[in-house]
Structure formats: C-alpha cells, structure tokens
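The values are calculated or read from the model by the stated rules, or taken from the named source; none is laboratory data. As the structure is a prediction and not an experimental result, all values here were calculated from the model. Please note: Cβ atoms are built from the backbone with ideal geometry, for glycine as well, and neighbour counts cover all protein chains shown.
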Amino acid sequence: MQHALCNLKYAIIISLLLPAAAFAEYTPLERPHWSLELKGGTFSPSLPDWEKFYGRKNMPEYALSLAYKFTRRIETGIEIGTARTTGTAAAPLHDVLAGEVKYRIVPVNAFFVYRGSFGEDQWLVPYAGGGFTKILYWETVESQGGVKGSANGYHARGGLQFLLDGLDRRAANSMYMDYGINHTYLFVEAEYTSAKVKGVSADLGGTAYRAGLLFEF
C-alpha cells in the first residue's frame with residue numbers, strides 16, 4: 001500500500017511538471033506572414049547648404065512599416081516616417097539673418113524586401129530592399145510664410161537583424177501565446193533616398209541610419 005502511494009505521489013509531481021516543461025521548450029511551428037518595424041535614427045539631407053542654414057548635417061527621423069510576407073524571405077509593404085528640424089533663414093542679397101525656419105518631411109515608401117532567413121532560429125539575418133518613395137514637405141520662415149509640396153523618387157536599404165528570442169525563451173513563448181508574435185529582432189540599417197521636386201533640381205532625399213525592433217507574426 002505504501003509503495004502504491006509513493007508511486008502515485010511521483011506520478012502527480014511528474015504530471016504537474018510536464019506542462020511547464022512543454023511550455024518552456026515550446027516554439028511556434030507556423031511561419032509568420034506579417035512583419036512590423038518600429039525604428040528611429042538620423043537623416044542627412046542631400047540639399048545643398050543644408051548645414052549652413054540648419055547648423056547640423058542631419059536631423060532625427062522616426063518611421064513605422066508594415067509588410068506582408070509572400071514567403072519566409074520575400075515581403076512587400078508600406079512605410080511612413082517623419083523628420084523635422086529648426087534652423088536660421090538668411091536674406092541672400094544682404095547676407096543677414098532673416099528669422100527662424102522650420103523644415104519637416106514625411107517620407108512614404110512602398111517597398112520589396114528580401115531577408116536572408118533560412119531557419120526559424122537563425123540569430124543573424126541580412127536583408128536588402130527598395131522601391132518607390134514619395135516625400136511630403138513643409139518649410140516655413142518666421143514672418144514670411146512658407147511652402148509645401150511633394151517629390152517622387154526611389155529608395156534602397158540594407159541591414160542586419162538580430163534574433164532576440166533566445167535571450168529569454170519564456171518571454172518569447174509568452175509573446176507568441178498572448179499576441180501571436182513569432183519572432184522579435186533588433187536591427188540596424190542604412191537607407192539612401194532620391195526624390196526630386198518636379199520642375200526644379202532640388203533633391204529632398206538623403207541618407208538615413210536607423211535602428212529598431214522588428215516583430216514577425
């Protein structure tokens with residue numbers, strides 16, 4: 001009788017531990033179909049004399065993108081960003097200060113991306129992509145009004161993404177069970193954009209260096 005009770009006790013303990021062990025080792029089997037990126041960094045405009053008027057070579061930029069994954073490696077999506085800064089305008093005929101100038105752009109990208117992902121646990125994934133760009137812009141000079149418009153062009157980008165799931169497997173599993181997120185990556189990238197205003201030679205594009213988080217679901 002005592003031997004039977006002992007075996008029952010061990011059976012109960014094992015049954016309680018098995019779900020926890022299975023949860024700790026659980027990894028999603030279904031491949032992700034969407035990716036969401038949250039990123040920020042700096043944008044260096046190609047406009048001439050930019051540093052002269054704004055006192056710096058770049059300005060902060062933030063962006064959000066959503067893409068559909070045709071396969072594990074090929075996806076297409078849309079991205080919207082924003083960047084703004086403040087500088088000092090000048091009167092070119094008199095070479096004197098003419099007030100504060102504010103500049104803002106909203107780049108909108110339609111893109112394709114190829115990610116070199118060949119396994120769900122691949123910790124380092126290179127990627128490259130590009131596509132169509134439309135930049136909306138606003139520039140205002142203190143007490144002198146402003147201008148606004150848009151420019152069309154293209155962009156190309158590339159970077160590296162680092163898988164974060166292995167740093168905390170339990171948290172990664174919870175993200176999947178609670179929110180359907182298969183993988184989380186930290187990434188860094190560089191992007192070149194060219195977008196010229198129609199009728200003039202001004203190129204509103206430039207070079208951006210950014211970092212962010214990528215969620216696949």
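The figures follow:
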{"quantity": "Residue match in region 143-151 (condition: under 20 Å from GLY40 (Cβ atoms) and either out of contact with any Phe, Trp or Tyr (no Cβ under 8 Å at 6 or more places or on another chain) or aliphatic (A, V, I, L, M) (or both))", "calculated": "no"}
{"quantity": "Scope region 110-125; condition touching a Gly at 6+ places or on another chain (Cβ under 8 Å) and of a type in the set (Asp, Glu); matching residues", "calculated": "ASP121"}
{"quantity": "Given (1) touching an Asp or Glu at 6+ places or on another chain (Cβ under 8 Å); (2) loosely packed, with under 13 Cβ neighbours inside 10 Å, number of the condition SER143 does not satisfy", "calculated": "(1)"}
{"quantity": "Options SER201, SER117; residue that is within 19 Å of the chain's Cα centre (by Cα) and among the hydroxyl-bearing types (Ser, Thr, Tyr)", "calculated": "SER117"}
{"quantity": "Considering residues of region 131-185 that are part of a strand (DSSP E or B) and of a type in the set (Val, Ile, Thr) only, the residue nearest to the chain's Cα centre (by Cα)", "calculated": "THR184"}
{"quantity": "Any chance THR82 is at pLDDT 90 or above and either part of a strand (DSSP E or B) or touching a helix residue (DSSP H, G or I) at 6+ places or on another chain (Cβ under 8 Å) (or both)", "calculated": "yes"}
{"quantity": "Evaluation of ALA110 against (1) modelled with pLDDT of 95 or more; (2) in contact with a Pro (Cβ under 9 Å, 6 or more places away or on another chain) (one fails), failing number", "calculated": "(2)"}
{"quantity": "Residues of region 27-79 satisfying the condition of being part of a loop (DSSP other than H, G, I, E, B) and acidic (Asp, Glu)", "calculated": "GLU30, ASP49"}
{"quantity": "Output for region 119-140, where each listed residue is touching a residue at least 24 places away in the same chain (Cβ under 8 Å) and of a type in the set (A, V, I, L, M, F, W, C)", "calculated": "TRP123, LEU124, VAL125, ALA128, ILE135, LEU136, TRP138"}
{"quantity": "Selected residue (only one of GLY159, GLY206 is in contact with a Phe, Trp or Tyr (Cβ under 6 Å, 6 or more places away or on another chain) and farther than 20 Å from LEU66 by Cα)", "calculated": "GLY206"}
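Yes/no per residue for (1) surrounded by fewer than 17 Cβ atoms within 10 Å (Cβ to Cβ); (2) not aromatic (Phe, Trp, Tyr):
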{"position": "LYS102", "(1), (2)": "yes, yes"}
{"position": "ASN109", "(1), (2)": "no, yes"}
{"position": "GLY131", "(1), (2)": "no, yes"}
{"position": "ALA156", "(1), (2)": "yes, yes"}
{"position": "LEU160", "(1), (2)": "yes, yes"}
{"position": "ASP168", "(1), (2)": "yes, yes"}
{"position": "TYR179", "(1), (2)": "yes, no"}
